[in-house]
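A short reminder: the numbers here are calculations on the coordinates, not readings from a lab. Being a predicted model, the structure only gives us computed values, none of them experimental. A quick note on method: Cβ atoms are made from the backbone with ideal geometry, for glycine too, and the neighbour counts reach across all protein chains shown.
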Amino acid sequence: MRYFLFLFVALLLVGRNAAASNDVIEALQNQIYKARDKVLPALVHVEPVKKVYTSGEKQRTLVTGSGVIFSAEGYVLTNHHVAENAEKVWCTLSNKERITATVVGTDPSTDIAVLKLNVEELSDKSIPFATLGNSDTLHVGQIVLALGSPLGLSRSVSMGVISSIDRYFPDNGSMISPYNLWIQTDAAINPGNSGGPLISLDGEVVGINARAVFMAENLGFAIPINLVREVAQKLLKGTTLKRAWIGVEFQPTKDFREYMEFSDFNGILVSHVEENSPAARAGIKPGYIIQKIDGVPVHAEYKEDLPSVRKRIADLPIGQEVTFSIWYNGKAMDIKLKVEKEPFMDQPEFEADKWGAVVKGLEWHIYRMQMLNDYQGVYLTGVKSGGPADLANIRGGDVISKINGQKINDLKVFQTVYEQLNLNGDTTIFVELVRRGNPYFTVIKLPESPSGNAKQTFNKLGEEN
Amino acid sequence: MQSKPSINLEKKINSMRHFLSILFLLIFSITISGQSPQEVFKKNRSAVCIVKFYKNISSNSQIGSFTKIKQNRIGIAVNAKGLVMVSSDVYPLSLDIVSGGGSSFFSGEPTDFKVKLWNGKEYEAEFIGKDDLADVAFVQIKDSLLNNLPFIEFSPTDDIQIGQTIYLLELLGESENFEPLFTPLTVNAILTVPRKKILVNHYLNAMSSGGLVLTGEGKAIGITLPNRNDFSFHDRMDFEEPAANYLEVAPTEWFGDLIKNPPVLAKDVYQGKSWLGIRMQALTKELREYWKVPGEGGVVIDQIFSQSPAEKAGLKTGDVITSFNENELRIDMDEDLDQFRELITQQPPDSKITLSIFRDGKQQKKEVKLYAAPRAIDLAEKYQLIPLGFEVRELTHDILYDYNLPLSTEGVYVYQVDRAAPAGIGGLSIGSIITEIDNQPVKDLASFKNMVEKVLSGNPKKIMLKVQVRLVTEFVFVDVK
């Protein structure tokens with residue numbers, strides 16, 4: 001009897017709780033609808049036709065990504081890795097209308113790109129756009145929605161919470177993110193979600209979804225919208241971002257503090273100084289602690305603090321003198337140096353089709369791998385199997401230092417020399433390479449002109465398609 | 001009646017004569033054409049023995065501790081006093097920078113050598129030395145009373161011909177109780193470039209390489225080489241080559257002289273192979289035509305290592321070597337560069353060679369005094385910091401050449417790190433160079449040792465190491481508590 005009474009009370013309680021939670025669920029559901037309705041109309045299914053350079057030749061491929069319109073003029077936010085090298089961009093809006101867009105600018109270091117819809121193609125000229133929120137006020141555990149085209153399935157919505165607001169990824173590998181921490185979410189994010197918005201229940205965009213982890217579940221990463229906004233504004237002024245560079249790498253000071261037994265010691269520990277950099281010339285050395293930049297304190301206790309420090313340096317005025325206040329071995333000193341533009345940014349690629357090779361301006365990973373000591377040169381991203389470069393034993397990763405004795409400083413010089421050789425009809429080209437820090441000599445032999453012309457005609461036909 | 005038996009006897013004697021003459025003929029024909037396979041086997045069996053030892057693989061548990069793996073190899077007694085020849089893979093560390101033969105950072109030196117003879121007698125033995133280019137190592141039985149052990153004398157292989165019958169005398173593995181394995185085979189191919197090698201078809205797998213190869217006359221002419229199938233990958237995955245499922249035989253010429261004068265691995269005595277000290281590429285037809293180099297091939301110098309014989313002889317990057325001791329080089333593809341390496345390493349250290357050099361459109365002669373290649377990091381002096389979980393070694397030239405660093409670079413090389421110990425947790429990685437401890441520069445291994453001992457005696461909470469990882473510097477903080 002007592003047992004039944006207990007059961008009855010329990011059922012009552014559950015019923016009451018259920019009624020209460022029904023209300024909560026309904027409120028949440030309505031909030032989700034509201035948020036969805038504010039952003040979904042501005043969601044864009046992005047399909048760029050991209051040039052991709054693989055195995056030493058140019059190919060075209062159609063990829064799928066996502067984007068979000070953020071202004072009445074039809075500007076769209078997406079990822080750099082979606083829009084880079086796009087020859088043509090197709091955008092399908094939420095009303096299923098399909099129009100083209102142009103790439104306004106892209107920034108590889110933050111993986112952000114801005115597109116402009118070709119609004120004249122639209123039947124309805126009133127363009128829905130989403131409001132960009134504030135990513136500094138996000139909380140771990142906050143409910144968010146991810147909108148986009150996972151695996152090409154357009155206009156999909158998924159839900160989750162913010163799992164972390166300060167996820168740090170070391171600055172290496174192909175996916176670099178030196179200047180930002182990441183918003184981590186368990187809302188389902190798959191390939192194709194890239195460039196789509198992560199939104200709060202207020203219906204504001206708080207992040208741009210950019211990464212998922214292969215073979216993992218519920219691990220998605222978004223770029224905080226405050227950084228996106230700043231980069232987008234710069235991209236709207238000019239197509240690329242110029243960043244300042246002093247040639248220094250840092251470590252957080254937590255270990256150093258403990259080692260020195262200084263409990264309140266602020267700054268950043270200089271771990272590496274690049275040769276021939278402004279910092280090296282000014283005498284900055286590994287082991288120095290930078291405490292102030294132009295009088296303003298700078299501090300990185302944990303690795304999560306590094307991106308904002310790197311960003312502060314990247315935002316310094318290029319070409320101007322900046323004062324670094326330094327502590328070293330108990331002594332304080334000020335070092336002034338002139339900040340330069342970062343080398344190797346936005347390196348273009350070029351298909352030397354007659355050689356069966358794709359050439360690109362230098363990048364850091366090649367600079368390091370090939371143990372170079374100046375910031376000049378071009379490298380081969382790929383060599384077409386069986387082509388003249390391949391037959392000359394040239395490999396992907398090789399740096400071209402000279403052609404027929406002429407120094408190749410950058411891709412422009414390379415293109416000029418390459419085109420001149422084509423005009424001259426030269427079929428024997430002497431190339432000096434750098435391979436793992438050592439010279440390597442080779443001669444590229446091109447086929448005599450008739451077959452060369454045939455190939456050119458074929459390529460032209462291909463391009464007109 | 002009496003004559004009958006005599007006639008019978010005569011008949012018997014006659015038939016006996018007949019038989020004997022056939023027998024003589026038979027014996028005679030065997031002595032000119034060879035011995036019976038059974039005799040070849042019996043005659044040589046007792047010189048083939050088992051070399052037992054432990055391979056030591058660095059264990060995960062602690063720096064300086066090893067996981068021991070029992071190993072057996074076919075050994076061949078090469079003198080009456082218990083010198084046994086075995087495959088060089090018993091010693092997995094590389095000796096100098098031209099020999100190669102090193103396997104990994106995770107191998108220690110092999111230990112507990114024993115030799116078990118055909119008659120079941122087992123002796124303790126010690127490792128004497130190895131020659132990676134000849135693919136042989138030597139161990140010595142530690143029993144001074146031994147002086148009449150059956151052994152093998154190897155013969156030159158000049159008269160070996162394709163189609164000739166040869167015999168392999170090998171051993172089966174432990175699970176077959178090391179029973180002898182005897183296989184008649186045919187010489188299928190004889191390679192001459194980059195050096196002589198005999199190829200034979202192959203039926204049954206023996207316990208290991210190092211098996212004895214005999215002719216029909218019972219002459220020892222070589223040993224079997226490790227199966228190349230184990231390494232059937234290419235540097236570049238862009239061409240195909242059929243799998244090599246034949247057996248390779250190293251002829252006597254590879255190691256014959258070493259038996260008389262075995263290589264000795266005493267760390268302070270070790271003499272490396274001869275080296276020239278260059279990075280090189282082949283003079284391709286295209287380069288030869290472009291530079292208008294006479295001849296049919298050569299070696300292009302890409303880099304000269306500092307303090308090398310090449311540097312001392314005044315060779316330069318871009319020089320083309322067209323002949324070696326007046327013999328024209330015909331190397332026109334990178335795959336053939338081994339031929340040139342072979343020419344150099346076959347020279348005794350401290351010998352003089354003459355190279356023809358093509359430089360700036362002109363030929364010139366250069367006399368180069370060769371000397372021994374620098375010792376490899378595997379043999380370098382070491383220091384293990386077991387509580388902190390890492391091992392450092394003296395910075396050897398091979399590392400500095402590889403990293404393109406000047407030979408004057410100071411510091412110690414991080415050879416091994418225990419990931420779960422303080423140094424590993426602090427982020428120290430294998431292959432980096434420690435250049436400072438607590439802001440004090442590290443000169444060499446001895447100074448590192450002194451500095452560490454001094455620093456640790458002060459009971460610090462943390463030590464700060466400045467390290468160079470390839471071309472980038474960083475700081476590593478190691479918790480000492």
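Across peptide B:466-475, the mean count of Cβ atoms from other chains lying within 10 Å of each residue's own Cβ comes to 5. The lysines whose alpha-carbon is closer than 18 Å to the alpha-carbon of A:Lys96, local same-chain residues fewer than 8 away aside, are A:Lys38, A:Lys116, A:Lys125. Using a cutoff of 8 angstrom between alpha carbon atoms and counting only pairs six or more residues apart, the relative contact order for chain B works out to 11 percent.
Shielding value for B:278-289 is 4, the average number of Cβ atoms from other chains within 10 Å of each residue's Cβ. For segment A:40-121, taking the reciprocal of the average inverse distance between every pair of different Cα atoms yields a Kirkwood hydrodynamic radius of 12.7 Å.
Computed over chain B, the per-residue total of -39500 (n - 2.57) for DSSP H runs of n ≥ 4 gives a 222 nm mean residue ellipticity of -5500 deg cm²/dmol, rounded to 500. Helix A:411-424 axis versus longest C-alpha principal axis of chain A: approximately 40°, rounded to the nearest ten. For chain A, the longest principal axis of the C-alpha atoms and the axis of helix A:2-39 are separated by about 40°.
Against the compact-protein benchmark of 2.2 N^0.38 Å, the Cα-based radius of gyration of segment A:371-413 scales to 1.21. Annotation note: GluC sites (Glu not before Pro) in segment A:250-303 located in DSSP loop regions with a Cβ neighbour count of at most 14 within 10 Å are A:Glu261, A:Glu275.
Counting Cβ atoms of other protein chains within 10 Å of each residue's Cβ and taking the mean over peptide B:303-309 gives 1. Seen from a random direction on average, the alpha-carbon convex hull of segment B:139-180 projects onto 5.5 square nanometres. Of all complete DSSP H helices in chain B, those with a Cα span along the helix axis of 20 Å or greater and a mean Kyte-Doolittle hydropathy of -0.5 or more are B:3-33.
The calculated 222 nm mean residue ellipticity attributable to helices in chain A amounts to -7500 deg cm²/dmol, summing -39500 (n - 2.57) over DSSP H runs of n ≥ 4 and dividing by all residues. Across chain A, the mean sequence separation of Cα contacts (distance under 8 Å, 6 or more residues apart), normalised by length, yields a relative contact order of 11 percent. On a 0 to 90 degree scale, rounded to 10, what angle separates helix A:225-237 from the longest Cα axis of chain A? Roughly 40 degrees between the two axes. Put simply, the amide H of A:Val144, placed in the peptide plane, has neighbours under 5 Å in A:Gly160, A:Val161, A:Ile162, leaving out anything fewer than 5 places away on its chain. Can you give me the distance in nm between label points at A:Ser308 and A:Ile143, each placed 7 Å from the Cα along the Cα-to-Cβ direction? Calculated label separation equals 3.0 nm. Here the gap between A:Lys88 and A:Lys237, fully extended at 0.36 nm per residue and compared with their Cα-Cα distance, gives a gain of 51.5 nm.
Overall form of segment A:300-353: prolate. Here a/c, set by the Cα gyration tensor axes a ≥ b ≥ c, is 1.5 or more, and a/b is the larger of a/b and b/c.
Ellipsoid fit via the Cα gyration tensor, segment A:244-341: semi-axes of 21, 14, 12 Å, each the root of five times an eigenvalue, largest first. 3J(HN,Hα) couplings calculated from phi for segment A:356-370 with the Karplus curve 6.51 cos²θ - 1.76 cosθ + 1.60 (θ = phi - 60°) are, in sequence order, x, 8, 10, 10, 9, x, 4, 9, 4, 5, 6, 3, 6, 4, 8 Hz; Gly and Pro show x.
Extent of segment B:179-220 along its three principal axes (Cα atoms, max minus min coordinate, largest first): 35, 24, 16 Å. Convex hull volume per residue, computed on the Cα atoms of chain A, equals 208 Å³. Residue ranges A:120-132, A:361-373 sort as A:361-373, A:120-132 when ordered by packing (mean number of other C-beta atoms within 10 Å per residue, highest first). Taking a ≥ b ≥ c as the square roots of the eigenvalues of the Cα gyration tensor, segment A:131-235 is rounded, since a/c falls below 1.5.
Quick one: grab the alpha carbon gyration tensor of segment B:405-458, order the square roots of its eigenvalues as a ≥ b ≥ c, and give me rounded if a/c is under 1.5, else prolate or oblate depending on whether a/b is larger than b/c. Oblate shape, in that a/c is at least 1.5 and b/c is the bigger or equal ratio.
Specify which residue in the list A:Ile313, A:Ile290, A:Asn266 is farthest towards the positive end of the charge dipole of segment A:249-313, using unit charges on the beta carbon of Lys, Arg (+1) and Asp, Glu (-1), about the Cα centre. About the Cα centre, the residue reaching furthest to the positive side is A:Ile313. Placing R0 at 60 angstrom, the Cβ-Cβ distance between B:Arg45 and A:Glu261 gives a FRET efficiency of 0.25 after rounding to 0.05. Taking all Cα-Cα distances within segment B:58-189, those exceeding 20 Å account for 58%. Considering chain B at the alpha-carbon level, its Rg and Dmax are found to be 28.7, 120 Å. Expressed per residue, the C-alpha convex hull volume of segment A:350-464 stands at 101 Å³.
With each label modelled as a point 7 angstrom along the Cα→C-beta vector, the A:Thr416-A:Asn438 pair spans 3.3 nm. The value of relative contact order for segment A:40-121, using C-alpha pairs under 8 Å at least six residues apart, is 30 percent.
If Rh is defined by the Kirkwood formula over all Cα pairs and Rg also comes from Cα, what ratio Rg/Rh do you get for the protein assembly as shown? We get a ratio of 1.08 for the protein assembly as shown.
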